[in-house]
Amino acid sequence: MPSKKISLTINGEAVEADVEARMLLIHFLREQLNITGPHIGCETSHCGACTVDLDGKSVKACTIFAVQADGGELLTVEGLANGAELHPLQEGFFQCHGLQCSFCTPGMLTRAYRLLQDNPNPSDEEIRMGLSGNLCRCTGYQNIVKAVRYAADKINQAEGAN
Amino acid sequence: MTPGVFEYHRPNKVEDVLALLAEFGDDGKVLAGGHSLVPMMKLRLAEPAHIIDINAIASLRGIREEEGMIVIGAATTQAEIMGSDLLNEKCRILPDAAALIADPQVRNCGTIGGNCANGDPGNDDPAIMLALNASYTLQNQAGQRQIAAREFYEAVYTTALAEDELLTEIHVPAPAKGTGMSYQKIKRKVGDYAIAAAAVTLSMSAGQCTDAAVALTNVGDTALLSLEAAEAIKGSAVDARAIDRAADAAMADCEPVEDMRGTVEYRTAMVGEMTRRAIAEALSRVAGS
């Protein structure tokens with residue numbers, strides 16, 4: 001089997017590994033590194049449960065090969081909290097009931113993180129379009145939009161206070 | 001779903017891509033955004049022995065204007081198309097359409113070159129390139145050639161691109177002042193391919209349409225240029241009657257099949273409606289463009 005050595009940064013930590021060329025990024029994370037926050041949902045790049053942040057962009061880890069992440073900087077949902085302190089998005093999903101079964105939540109959080117980095121004060125419409133690559137079959141999305149709004153307001157208030 | 005075994009190549013230069021394509025022929029596949037190719041590989045509908053990843057090649061990305069031509073690198077992503085000031089100012093149909101393709105994550109990967117070159121009739125950019133009368137730069141080891149988009153598409157997944165060729169650039173004639181353009185797409189949900197879509201460009205002078213093009217997405221084996229629809233509005237004031245004639249012509253030209261996106265009758269009717277809407281919006285944009 002042709003394999004390749006890759007090195008990348010995952011949630012701030014340097015990682016080196018040998019991967020088979022055909023190994024998808026989501027399998028590399030979950031099976032080789034035991035980073036199981038990103039979920040495998042549809043496996044067809046529709047549902048967004050596998051969303052991770054690669055070099056400052058949201059991508060679906062089920063449709064990228066691990067070798068393509070060589071040299072990259074990767075963030076998964078595991079990298080959002082600061083120790084025991086939840087990220088404002090995680091707090092927002094908790095406070096606003098932005099999840100029920102929670103299967104989609106890691107992807108929602110990781111995608112919403114990049115959305116707020118790119119657009120710190122999105123309208124509800126922009127939140128909905130920004131999360132349009134992430135499917136939730138429980139909530140009907142209303143509370144997810146509220147949760148992202150909650151996080152945006154909290155982050156903006158904290159920055160306004162500084 | 002894991003693809004079959006392949007050898008991975010990540011060249012840094014176009015010349016190296018061309019050498020690999022020459023060496024591997026049909027066994028080699030170019031990986032750009034990968035969001036059409038990788039799903040096919042997962043289903044084992046594609047099992048290339050060699051993957052040639054072009055994402056490390058900076059010269060294949062970017063958007064510039066030179067000598068009346070907007071030149072777009074083939075590996076420019078749809079997200080970059082949406083964010084381009086140059087395109088939003090001078091050729092907004094491309095960023096408008098990009099926003100209707102898939103979703104944010106997919107647009108971060110998917111490229112305009114892949115959309116144009118892979119030959120899927122569901123792709124949105126080919127019809128737009130037909131309407132804009134764009135051309136494609138194809139390179140192989142022997143050199144390069146420029147081919148009109150209007151001569152590129154042959155059948156489903158069949159184009160003029162040879163096995164040893166790489167699409168490197170897309171050349172779009174910079175729209176003249178007095179040109180309006182619009183892409184109208186109806187789909188079942190965000191991210192879906194079109195039930196039907198229409199790309200329209202038109203130019204007005206002294207209240208008369210001096211030039212027009214109408215092209216259709218996902219209602220034939222390839223994107224379709226409807227010459228009759230364009231003729232119906234050329235020379236007119238683009239009033240309601242001319243728009244209706246154009247819509248009728250587009251419906252006569254389209255060849256949709258019945259599938260999960262609708263019956264032939266429904267999709268044909270939507271071709272008419274998307275054509276009407278695209279002409280009306282293109283007209284409304286003439287003054288400002």
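The values are calculated or read from the model by the stated rules, or taken from the named source; none is laboratory data. This structure is a prediction, so every number in the text was calculated from the model and none was measured. For neighbour counting, all protein chains shown are included, and Cβ atoms are generated from backbone atoms with ideal geometry for every residue, glycine included. Protein only, heavy atoms only, side chains kept; ligands, DNA and RNA dropped before computing areas. Shrake-Rupley method; radii C 1.70, N 1.55, O 1.52, S 1.80 Å.
Summary of values
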quantity: FRET efficiency, 1/(1 + (r/R0)^6) with R0 30 Å, evaluated for B:ASP244 and B:GLU265 via beta carbons; calculated: 0.95
quantity: Solvent-accessible surface (1.4 angstrom probe) belonging to B:LYS189, in square angstrom, nearest 10; calculated: 110
quantity: Accessible surface ranking that places the most exposed of B:VAL264, B:VAL257 first, with a 1.4 angstrom probe; calculated: B:VAL257, B:VAL264
quantity: Helical mean residue ellipticity (222 nm; -39500 (n - 2.57) per DSSP H run of 4+; nearest 500) of chain B; calculated: -9500 deg cm²/dmol
quantity: Relative contact order for chain A, counting Cα pairs under 8 Å that sit 6 or more residues apart, in percent; calculated: 23
quantity: Gyration tensor verdict on the protein assembly as shown (Cα atoms; rounded if a/c is under 1.5, prolate if a/b is larger than b/c, oblate otherwise); calculated: oblate
quantity: Cross-link pairs B:LYS189/B:LYS234; B:LYS13/B:LYS42; A:LYS146/B:LYS189; A:LYS146/B:LYS42; A:LYS60/B:LYS29; A:LYS146/B:LYS90 - those with Cα-Cα distance over 30 Å; calculated: B:LYS189/B:LYS234; A:LYS146/B:LYS42; A:LYS146/B:LYS90
quantity: Charge context of B:ALA176, other residues only, Cβ under 11 angstrom, K/R +1, D/E -1; calculated: +1
quantity: C-alpha long axis of helix B:264-284 to longest principal axis of chain B, angle in °; calculated: 70
quantity: Accessible-area order (highest first, 1.4 angstrom probe) of the listed residues B:MET274, B:MET69; calculated: B:MET69, B:MET274
quantity: Cα gyration tensor, the stretch B:56-103 - rounded (a/c under 1.5), prolate or oblate; calculated: oblate
quantity: B:TYR266, B:TYR157, ranked by accessible area, largest first (probe 1.4 Å); calculated: B:TYR157, B:TYR266
quantity: In nm, spacing of pseudo-spin labels at B:GLN144 and A:CYS101 (7 Å Cα→C-beta vector); calculated: 5.0
quantity: Theoretical FRET efficiency, 1/(1+(r/R0)^6), r = Cβ-Cβ of B:ALA58 and B:ALA99, R0 25 Å, to 0.05; calculated: 0.50
quantity: Residues of type aspartates and glutamates that A:LYS4 reaches as a straight line, Cα spacing below 16 Å, ignoring anything fewer than 8 places off in the same chain; calculated: A:GLU16, A:ASP18, A:GLU20, A:ASP70, B:GLU7, B:ASP53
quantity: Summed residue charge, Cβ within 15 Å of B:PHE6's Cβ, Lys/Arg positive, Asp/Glu negative; calculated: -1
quantity: Overall form of the stretch B:165-289 per C-alpha gyration tensor (a/c, 1.5; a/b vs b/c); calculated: oblate
quantity: Residue among B:GLN184, B:GLN78, B:GLN146 with the largest mean-square fluctuation in a Gaussian network model of chain B, springs linking Cα atoms under 10 Å; calculated: B:GLN146
quantity: Gained length - B:ASP16 relative to B:ALA162, 0.36 nm times residue gap less alpha-carbon distance; calculated: 50.9 nm
quantity: Built amide H within the under 5 Å cut-off of B:PHE152, gap 5+; calculated: none
quantity: Packing rank of B:227-233, A:104-110, B:17-23, where each peptide gets the mean count of other beta carbons within 10 Å, highest leading; calculated: A:104-110, B:227-233, B:17-23
quantity: 15 Å reach of a label modelled at A:GLU126, 7 Å along Cα-to-Cβ, counting backbone N of the stretch A:134-162; calculated: A:148-157
quantity: Residues B:ALA206 and B:VAL257, FRET efficiency given R0 of 41 Å [Cβ-Cβ distance, rounded to 0.05]; calculated: 0.45
quantity: Neighbourhood charge, 14 Å Cβ-Cβ cut-off, centred on B:ILE54 and excluding it, Lys, Arg +1 and Asp, Glu -1; calculated: -1
